[in-house]
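Below is one structure, written out as structure tokens; comments come after it.
The values are calculated or read from the model by the stated rules, or taken from the named source; none is laboratory data. Not measured: the values here are computed from a predicted model. Here Cβ is always computed from backbone atoms with ideal geometry, including for glycine, and neighbour counts include all displayed protein chains.
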């Protein structure tokens, strides 16, 4: 073989086609949850198992690194870092709104956030008219 690339693609080819490999479609299995293996929560609520703590740890390290980079002399980068503060507030509002819709009480939200249910309600209630539970 004079051409080094020759013979690298040994995929079967169909006669009379454009020379593209004959690729068989892959059968996709429908996603399903085995209910007998999935733990249930009180009131029928199910908790998705996700690695949120690892993801948040990554974000913490990234934000600290951004602060160190800006501290090394990037005055214009300070505005970018300050914008993250607003994004974090928006993310917390989104999270609390979702948790409330999922059925968590203000007491549960406040406990995890390290505040009273009244403080949690005051801070994150979208309308302010919702009763503190």
(Q) Quick check on my filter: what residues within the stretch 65-78 are surrounded by 10 or more Cβ atoms within 10 Å (Cβ to Cβ) and assigned to a helix (DSSP H, G or I)? (A) 65, 66, 67, 69, 70, 71, 77, 78
Q) Looking only at residues in the stretch 102-114 that are outside any helix (DSSP H, G or I) and loosely packed, with under 14 Cβ neighbours inside 10 Å, which one is modelled with the highest pLDDT? A) 114
Q) Given 99, 88, 81, which one is over 22 Å from residue 124 (Cα atoms), within 22 Å of the chain's Cα centre (by Cα), in a helix (DSSP H, G or I) and at pLDDT 60 or above? A) 81
(Q) Six or more apart or on different chains, Cβ atoms under 6 Å: show the pairs whose first residue is in the stretch 115-133 and modelled with pLDDT under 90 and whose second is in a helix (DSSP H, G or I) and surrounded by 15 or more Cβ atoms within 10 Å (Cβ to Cβ). (A) 132/106; 132/117; 132/121; 133/106
Q: Please name all residue pairs, on different chains or six or more residues apart, with Cβ atoms under 7 Å, provided the first residue is in the stretch 46-68 and is farther than 26 Å from residue 99 by Cα and the second residue is at pLDDT 85 or above and surrounded by 11 or more Cβ atoms within 10 Å (Cβ to Cβ).
A: 66/81; 67/81
